Amino acid sequence: MAITKTSGKKGLKGYYLTTFLIGLGFFTMGLMDPLYDTYVPIFLGKYLTSKALIGTIMTFDNMLAILLIPIFSALSDRTQTRIGRRMPYIVICLPITAVAFGLIPIAALTGLWLLIALVFVLNLFKQAVRGPVVALMPDMIPGELRSEANGVINTMGGIATIVGTVGLARLMDIPINLPGMGPTKDILAFPLSSILVLLAVVLLFFFVKEKQAINKEESEKKEPILHSLKVIFSEKDKSALYILLSLLLWFIGYQGILPFVGLYSKEVLQTSSGTASLAAGMVGIAYAIFAIPSGIIAHRHGRKRTIRTSLLSLVVILTVIFFHDPLTSGMGPAIRQYTFWALLFLFGIFWVSVVTNSFPMLWQMSTYKTVGIYTGLYYFFSQLASIISPPITGAFIDFFGFRAIFLYGATSMLIAFFLMQHVHRGEPEDDPVAERAK
């Protein structure tokens, strides 16, 4: 979707408020995801000893995601209601998601099967709404501004991660009195997160008006979903295919590591439950600080170059993390913990540069009527990685120890680096319609 003029507004400045409000949708995901990734494995660990089995159960939500995100993203492309095409999914699914999320630690106290059942309900609605939430941004923001807008939005997600992992997660160490159970820890962060998610839904509903969408008139030109997918994959230029394969690989690396850093912190660095989340929190802090700069850098130097440079940097950082444990084994616990956090902070700097700029590259190859399909494809491949990776890395931990997952991640990022060489479209100046006509 190439748009070179912005309705009289110069640069992103004229869209900051809209971008911030849309970012509230990303805020909800950024709030829930790291807490989910950090503590659900710990909750499962109360009932299960096999890390491979825990990793397999952690793919349960991703199995729903790989099915639901592309479907609901494409459906929202074709939805027409008085409140918009994305908003109906947001106001129905996100509140249910919030309630289910808040109840997860209570279910974990009751039994394994109740925990799994609630995780199913949570992810059923969370994954159904994720695509429409994400597709809302390219609906409202012109094409050449999306890297910078995505930086603002990812900053919102990073702030949410900080709120969740650095702030709310500390409440997991505070006992609360539950009827029939007495003082109980590992609960409080989840219901408080749910309240913040509900507040974000209210603000989104009242202050984001989809009638102001860019090129809204194109929504009347509908094409069958399968036809749109066929067009995408039959293009002579395979840039869309290669960026999807690249993101599959870098998410394989990411999803193989992040679900286990909480357990790594507890079992290798010997941290408490509340402190364990700070490992993922370092990634979130870097995410919040560097999301906007990474979008600005890409705007000046190119999205592809920024992504490939970041991927190489991630390879180096993950290799260093692989050697962190033996190199710091003679040091005190505090030094080992702080140096590990510092490395994850560096990881977050370059990871946000990859994520911030890859989505706009795909959106740049779309039109208004197919932006939801491209969004769904992004999540299809990223969630496929989430299904593939945790069981593999869980098995690696069982057989080779925790350190193996960092080399696994570095290898995945390196393959993605080489695949990105074949991506030739997706920069702000590219016109997808013109490219397809060649």
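The values are calculated or read from the model by the stated rules, or taken from the named source; none is laboratory data. Treat the numbers as computed from the prediction; the structure is a model and nothing was measured. Backbone-built Cβ (ideal geometry, glycine too); neighbour counts: all protein chains shown. Side chains included, ligands, DNA and RNA excluded: accessible areas come from the protein's heavy atoms. Shrake-Rupley method; radii C 1.70, N 1.55, O 1.52, S 1.80 Å.
Being buried (at least 24 other Cβ atoms within 10 Å of the Cβ), over 16 Å from GLY131 (Cα atoms) and at pLDDT 80 or above: is that true of GLY409 here?
yes
Going by the conditions given, is PHE101 open to solvent by 10 Å² or more (accessible area, probe 1.4 Å) and either at pLDDT below 75 or out of contact with any strand residue (DSSP E or B) (no Cβ under 8 Å at 6 or more places or on another chain) (or both)?
Details: open to solvent by 10 Å² or more (accessible area, probe 1.4 Å): no; either at pLDDT below 75 or out of contact with any strand residue (DSSP E or B) (no Cβ under 8 Å at 6 or more places or on another chain) (or both): yes.
Answer is no for this residue.
Among the residues of region 8-43, how many are closer than 16 Å to ILE187 by Cβ, over 13 Å from the mean Cα position of the chain (by Cα) and at pLDDT 80 or above?
Looking only at that region, the number is 4.
Have a look at LEU75, LEU115, LEU94, LEU145 and point out the one that is buried (at least 21 other Cβ atoms within 10 Å of the Cβ), at pLDDT below 85 and either touching a helix residue (DSSP H, G or I) at 6+ places or on another chain (Cβ under 9 Å) or not basic (Lys, Arg) (or both).
Criteria check complete, one pass: LEU145.
Cβ contacts < 9 Å: first residue over 17 Å from ARG336 (Cβ atoms), restricted to region 252-269; second residue open to solvent by 20 Å² or more (accessible area, probe 1.4 Å) and among the hydroxyl-bearing types (Ser, Thr, Tyr), any location; separation 6+ or different chain. Result?
Within 9 Å, the pairs are ILE252/TYR408; GLY253/TYR408; GLY253/THR411; GLY256/TYR408; ILE257/TYR408.
Please enumerate the residues belonging to region 319-340 that are of a type in the set (A, V, I, L, M, F, W, C), surrounded by fewer than 18 Cβ atoms within 10 Å (Cβ to Cβ) and over 13 Å from GLY409 (Cβ atoms).
Those that are of a type in the set (A, V, I, L, M, F, W, C), surrounded by fewer than 18 Cβ atoms within 10 Å (Cβ to Cβ) and over 13 Å from GLY409 (Cβ atoms): PHE323, LEU327, MET331, ALA334, ILE335.
Checking the condition without any contact (Cβ under 8 Å) to a residue 60 or more places away in the chain and either surrounded by fewer than 23 Cβ atoms within 10 Å (Cβ to Cβ) or not in a loop (DSSP other than H, G, I, E, B) (or both), which residue from PHE380, PHE399 passes?
PHE399
Could you list all residues from region 158-172 that are of a type outside the set (Ser, Thr, Tyr), more than 11 Å from ILE289 (Cα to Cα) and open to solvent by 10 Å² or more (accessible area, probe 1.4 Å)? Lay out the reasoning, then the answer.
Our first condition is that a residue be of a type outside the set (Ser, Thr, Tyr); within region 158-172, this holds for 158-160, 162-164, 166-172.
Pick out the ones that are also more than 11 Å from ILE289 (Cα to Cα) and you get 160, 163-164, 166-172.
Those that are of a type outside the set (Ser, Thr, Tyr), more than 11 Å from ILE289 (Cα to Cα) and open to solvent by 10 Å² or more (accessible area, probe 1.4 Å): VAL163, VAL166, GLY167, LEU168, ARG170, LEU171.
Given the condition at pLDDT 80 or above and open to solvent by 40 Å² or more (accessible area, probe 1.4 Å), answer yes or no: does some residue in region 242-251 qualify?
Checked region 242-251: at least one residue is at pLDDT 80 or above and open to solvent by 40 Å² or more (accessible area, probe 1.4 Å).
On the basis of being touching an Asp or Glu at 6+ places or on another chain (Cβ under 8 Å), among the basic types (Lys, Arg) and at pLDDT 85 or above, does LYS185 make the cut?
Numbers: touching an Asp or Glu at 6+ places or on another chain (Cβ under 8 Å): yes; among the basic types (Lys, Arg): yes; at pLDDT 85 or above: no.
It is false that LYS185 is touching an Asp or Glu at 6+ places or on another chain (Cβ under 8 Å), among the basic types (Lys, Arg) and at pLDDT 85 or above.
Within the bounds of region 252-262, is there any residue that is at pLDDT below 75, open to solvent by less than 40 Å² (accessible area, probe 1.4 Å), on the phi < 0 side of the Ramachandran plot and part of a helix (DSSP H, G or I)?
For region 252-262, residues at pLDDT below 75, open to solvent by less than 40 Å² (accessible area, probe 1.4 Å), on the phi < 0 side of the Ramachandran plot and part of a helix (DSSP H, G or I): present.
Cβ-Cβ distance below 9 Å, separation of 6 or more or different chains: which pairs start in region 69-83 with a residue that is over 10 Å from GLY376 (Cα atoms) and end on one that is assigned to a loop (DSSP other than H, G, I, E, B) and open to solvent by 70 Å² or more (accessible area, probe 1.4 Å)?
Within 9 Å, the pairs are ASP77/LYS222; ARG78/LYS222; ILE83/LYS209.
Of these, LEU115, LEU103, LEU94, which one is closer than 15 Å to PRO41 by Cα and in contact (Cβ under 8 Å) with a residue 12 or more places away in the chain? Don't jump to the end; show me each part of the working.
Numbers: LEU103 fails: closer than 15 Å to PRO41 by Cα; LEU94 fails: closer than 15 Å to PRO41 by Cα.
One residue alone meets the criteria, LEU115.
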